[in-house]
Amino acid sequence: MFEVREISPGTRVIDIAGDLTGASEAPLMEAWERASVDGVRAVVLSFVALEYMNSSGIGLLVTLLVRAHRHGQQVLAFGLSDHYRQIFELTRLDEAVGIHEDEASALLTLS
């Protein structure tokens with residue numbers, strides 16, 4: 001459901017697949033812990049394989065943002081559908097998360 005990939009020593013990607021709901025809390029937080037260790041400066045969230053996200057899923061993302069902020073980490077995202085991009089705008093998550101079209105463009109902002 002949540003795979004973690006290392007792009008570089010300072011950057012990791014969490015691939016979010018399937019649903020992001022309240023039931024996702026434990027596996028998402030475990031993935032976040034794996035992704036944000038060892039001096040990681042940026043965590044990139046891939047929503048390419050996201051099927052469904054509800055308000056509880058949005059709440060989990062806010063929790064991740066708070067944790068990232070505490071550790072001075074940047075959070076980026078890519079692969080959001082138009083529907084979820086609008087939700088990010090309505091909830092103002094787009095002001096805290098750098099949203100990009102694809103992984104390559106997200107990673108370019110980190111260079």
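Remarks
- Scan of segment 82-98 for residues that are in contact (Cβ under 8 Å) with a residue 24 or more places away in the chain and aliphatic (A, V, I, L, M), ordered by number: ILE87, LEU93, ALA96, VAL97
- Of all residues in segment 1-60, those that are of a type outside the set (A, V, I, L, M), over 13 Å from the mean Cα position of the chain (by Cα), over 21 Å from ASP94 (Cα atoms) and outside any helix (DSSP H, G or I) total 7.
- In segment 36-48, residue farthest from LEU107 (Cα to Cα) [restricted to those that are among the hydrophobic types (A, V, I, L, M, F, W, C), crowded, with 16+ Cβ neighbours inside 10 Å and out of contact with any Phe, Trp or Tyr (no Cβ under 9 Å at 6 or more places or on another chain)]: VAL40
Let's see how each residue does on (1) modelled with pLDDT of 95 or more; (2) in contact with a helix residue (DSSP H, G or I) (Cβ under 6 Å, 6 or more places away or on another chain); (3) not polar (S, T, N, Q):
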site: ALA31; (1), (2), (3): yes, no, yes
site: SER36; (1), (2), (3): no, no, no
site: SER46; (1), (2), (3): yes, no, no
site: SER56; (1), (2), (3): yes, yes, no
site: ARG85; (1), (2), (3): yes, no, yes
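- ALA106 meets the conditions (1) loosely packed, with under 13 Cβ neighbours inside 10 Å; (2) out of contact with any Asp or Glu (no Cβ under 9 Å at 6 or more places or on another chain); (3) modelled with pLDDT under 95 in every case but one. The failed one is (1).
- Yes/no for PHE47 being aromatic (Phe, Trp, Tyr) and closer than 15 Å to VAL75 by Cα: yes
Conditions tested, residue by residue: (1) within 23 Å of ALA104 (Cβ to Cβ); (2) surrounded by fewer than 15 Cβ atoms within 10 Å (Cβ to Cβ).
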residue	(1), (2)
ASP15	yes, no
GLU25	no, no
TYR52	no, yes
ILE87	no, no
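The values are calculated or read from the model by the stated rules, or taken from the named source; none is laboratory data. All values derive from a computational prediction rather than experimental measurement. All Cβ positions, glycine included, derive from the backbone under ideal geometry; neighbour counts span all protein chains shown.
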